[in-house]
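To keep things clear, I will list the structure first and then write my remarks on it.
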Amino acid sequence: MSDTWDEIQTVRKKTAGLRDKLAKRKQERQNILQANSLLVSSSSTTVSTEIASSEATPLCDSKQVNETQKRDNIADKKDSLFTVDSQNAEEKDEQKLSNDDITTIEDWLLVELDMPNVSLPLDGVTLSEKILHETKVTHTMLDLASVLANFESRCLLVMEKGKDESIKILSTNHVQIANLAKERGVSKKRVAKNLEITSDENKKAKTDNKLNIEMLLASETAKERETKKLNEEIKDLLSAASAKEQMMSSKFKSQGGTMKEFCSYGTRSECRTVKGSVCDKVHFRKLIHQHTDTALGDCSFLNTCFHMDTCKYIHYEVDQDDLNRIKRANMSAAVRSLGSQGTSDFKMMPPQWVQCDMRNFDMSVLGKFAVIMADPPWDIHMELPYGTMSDDEMRSLNIPTLQDDGYIFLWVTGRAMELGRQCLELWGYRRCDELIWVKTNQLQKLIRTGRTGHWINHGKEHCLIGVKGNPQHMNKGLDCDVIVAEVRATSHKPDEIYGVIERLSPGTRKIELFGRPHNVQPNWMTLGNQLDGVQLHEEDVKRSFKEKYPDGKCI
């Protein structure tokens, strides 16, 4: 530290001497210039006298002026150099570090050089950046060189200075540095730094170990991989269709490929806007009348609206172009299927129906059936467009006479769900399954504003499935227990239920109770008070019915 101070004092003395010399030179130059100006003025007034002397004098004066100008240029250059040196010296004086900053840098160097993991040689630029980052002390490389030179004079380290004024620490005296650090009380800082580094390394090691353990625990063992592979093989075997299932699927597969999917964009214009062209799916067309207010949007009930003639909301119908295309496809499919009509394993019976009052009709004259489906007029304590039956009347129906072995599909809703289960038990059935109808509107979207439900709007209906006896030759596992279908008229159940039942029990006798004209189906007998007369085709049934009801009236 003392050596550095001596050097600074020496520089200051040299600077003061140079300033004095510069002032003397300036004074001499001014005197010479004044003398030259006097000579020139005197020579101009005596031009007419002594030509030789007047000619010699200017030559002598010109030489003297040239020499003077040369000396002035040299003096100016020296003056500028001296001025720069003096400015640098003044800047150095202004940027001189305080004793506290120097002490901070020395303490930091003692801690850093006393570290057991210090790697040599150390670059001065790297040291300077670390000092600035960790101590926030602004300094120059000259400051760092001065501190390191002080350390080198104390035999604490050996450093090397390059031609480009770069600095490198080649070696350190660890014992001397440790003793000096202990004397100055900075060894605790070293310990603290060691502990900090060690704790960081331990935390990182613990984190890495934790991650490795988690990866090991998450990875599958050889046994788990083998078990998973075996389970997948078993799943593939169980899900693969057997030969019998494949035969049944092909047997009940729709012929002709005339089923068409509704476009998710609704209208043809919307489909064209989104896709750029119209797809081959079925679209809808908006019905805009004089009383329609398009700003109100779509009607909640669409084609089931009771006031379509006056409703101001938008309604829809299937696009006529798509209907014509479907009709042409159906005609082509019908022509192709003419040659395969005689290959069926069973003969479909034409539709049969009896108009009767279910509460009084003797159902024993109809014989036995493999499947029964009923959509009773439950008294659900709501205003309905048809008559209802009380709970006791439902329980007393003579359903057991229609079946010895088979299935019953009983539609229930609201409070009738518990009553339906009671009726199944009274009629001799065991509930074995349940089917759900999820209702959609005309645009094939879920219904959110149904007309039934006391507390929340009902968007579905349940069909309880009961089994009686030991039914034979039933195809189990062909269909799902959920039907997603469009809502039609009130109490009109989805037509898809007939396909489900026919695939379950193909070619057998089936009867539907509480049916209406739209429920009449081939291979089904329908009973209800809204049918038109009696239509029977089976000879034994016709005889039994004639004996019981000679006049053909049972209502």
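The values are calculated or read from the model by the stated rules, or taken from the named source; none is laboratory data. A quick note: this is a predicted structure, and the numbers were derived from the prediction, not measured. Using ideal geometry, Cβ is built from the backbone for each residue, glycine included, and neighbour counts are taken over all protein chains shown. Side chains are part of the model used for accessible areas, which takes the heavy atoms of the whole protein and leaves out ligands, DNA and RNA. Shrake-Rupley method; radii C 1.70, N 1.55, O 1.52, S 1.80 Å.
Would you say Lys188 is modelled with pLDDT under 80 and under 30 Å from Arg12 (Cα atoms)? The answer is no for Lys188.
In the set (1) at pLDDT 80 or above; (2) in contact with a helix residue (DSSP H, G or I) (Cβ under 6 Å, 6 or more places away or on another chain), the condition left unmet by Lys168 is number (2).
Collect the residues in the range 118-153 that are touching a residue at least 12 places away in the same chain (Cβ under 8 Å) and acidic (Asp, Glu), keeping them in residue-number order. Within the range 118-153, Asp123, Glu134, Asp143 meet the criteria.
Flag set for Ile447, criterion: buried (at least 19 other Cβ atoms within 10 Å of the Cβ), of a type outside the set (Lys, Arg) and within 30 Å of Lys281 (Cα to Cα). For the range 381-417, taking the residues that are out of contact with any Pro (no Cβ under 9 Å at 6 or more places or on another chain) and either closer than 18 Å to Ala489 by Cα or hydroxyl-bearing (Ser, Thr, Tyr) (or both), the one that is surrounded by the most Cβ atoms within 10 Å (Cβ to Cβ) is identified as Thr413. Among the residues of the range 481-515, those identified as among the hydrophobic types (A, V, I, L, M, F, W, C) and at pLDDT 90 or above are Val482, Ile483, Val484, Ile497, Val500, Ile501, Leu504, Ile511, Leu513, Phe514. Residues that are open to solvent by 30 Å² or more (accessible area, probe 1.4 Å), at pLDDT 80 or above and either of a type in the set (Ser, Thr, Tyr) or not in a helix (DSSP H, G or I) (or both) occur in the range 173-181; there is at least one.
Within the set Leu424, Leu435, the sole residue that is open to solvent by less than 10 Å² (accessible area, probe 1.4 Å) and out of contact with any Leu (no Cβ under 7 Å at 6 or more places or on another chain) turns out to be Leu435.
Residues of the range 270-300 being touching a residue at least 60 places away in the same chain (Cβ under 8 Å) and of a type in the set (Asp, Glu), which ones? The one that is touching a residue at least 60 places away in the same chain (Cβ under 8 Å) and of a type in the set (Asp, Glu): Asp298.
Within the range 100-133, the set of residues being among the polar types (S, T, N, Q) and modelled with pLDDT under 80 comprises Asn117, Ser119. Of the residues making up the range 534-553, none is in contact with a strand residue (DSSP E or B) (Cβ under 7 Å, 6 or more places away or on another chain) and closer than 30 Å to Asn441 by Cα. Only one of the numbered conditions (1) touching a Pro at 6+ places or on another chain (Cβ under 6 Å); (2) at pLDDT below 75 is violated by Thr198, and that is (1). Taking the range 137-165 as the range and being in contact with a helix residue (DSSP H, G or I) (Cβ under 9 Å, 6 or more places away or on another chain), assigned to a strand (DSSP E or B) and surrounded by fewer than 14 Cβ atoms within 10 Å (Cβ to Cβ) as the test, only Lys161 passes.
For the criterion of being touching a Lys or Arg at 6+ places or on another chain (Cβ under 7 Å) and either open to solvent by 90 Å² or more (accessible area, probe 1.4 Å) or at pLDDT below 85 (or both), Phe252 passes.
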